[in-house]
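Everything below concerns the one structure shown next.
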Amino acid sequence: MAATETTSSLETAHRALNRQYATFEVAGAYFGIDVLQVQEVLRYQDMTSVPLAPAVIEGLINLRGQIVTALDMRRRLGLPPRADGQTAMNVVVRTEEGAVSLLVDEIGDVVEVDSASFERPPDNLDPAIRDLVRGIHKLKDRLLLVIDIGQTLNLGTALAEPAESAGPRRF
């Protein structure tokens, strides 16, 4: 019995030191969201546009009877639009206000990272992007930018103009 308790304590300590992120790519950048905030990932869904909505709102999707707002992460990050023929994928996240879909270029895997690899975003990162990134994990072959869902969905900080007129941003 004591061995089981010790094993359980070690597993709990291990989980406290490690975090799991659902990953995705937008314009070649590698992003992650705490896996506990993700409801599901889906292929592209037909959308209904919303007149007079901010430019970052691509539209509304009907997800098994639930109306979900779809937010284009390229526009939210101030990046150029997807190439013709490139279809967005949906990362549906849970919020206090309900589900929201983030439109991304590509869905990745769930990755587990050591909390010790976490760093704050550098000061020289574009402010429009830095405000949306909670931090960065240094992985073996790339950087994982951890998205702050609250800031990402705070459209008061969203770009006022469509990405085409704002010009491309760089990470």
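Throughout, read-outs are computed from the coordinates displayed, never taken from laboratory work. Quick caveat: nothing in here was measured; it's all calculated off a predicted structure. Every residue, glycine as well, gets a Cβ built from its backbone with ideal geometry; the counts of neighbours run over all protein chains shown.
Values as computed for the structure displayed
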quantity: Residue-count net charge about SER49 - beta-carbon cut-off 13 Å; Lys, Arg +1, Asp, Glu -1; calculated: -3
quantity: Sparse-neighbourhood loop sites, trypsin sites (Lys or Arg not before Pro) in the stretch 111-141 - DSSP loop, at most 12 other Cβ within 10 angstrom; calculated: LYS140
quantity: From the C-alpha gyration tensor of the stretch 58-110, square roots of 5λ in Å; calculated: 20, 12, 12
quantity: Relative compactness, the stretch 19-166, computed as alpha-carbon Rg over 2.2 N^0.38 Å; calculated: 1.01
quantity: The stretch 67-145: proportion of alpha-carbon pairs further apart than 22 angstrom, %; calculated: 39 percent
quantity: Cβ-based net charge around VAL111, under 12 Å, with every Lys or Arg adding one and every Asp or Glu removing one; calculated: -2
quantity: Neighbour cut-off at most 14 other Cβ (10 Å), DSSP loop, trypsin sites (Lys or Arg not before Pro), the stretch 35-84; calculated: ARG43, ARG64
quantity: Charge dipole magnitude, Cβ of K and R +1, D and E -1 - the stretch 19-166, Cα centre, debye nearest 20; calculated: 120 debye
quantity: Summed side-chain charge close to LEU144 - residues other than LEU144 whose Cβ falls under 13 Å, Lys, Arg +1, Asp, Glu -1; calculated: -2
quantity: Unit charges at the beta carbon, dipole of the stretch 19-166: most positive-side option, GLY150, THR48, PRO81; calculated: GLY150
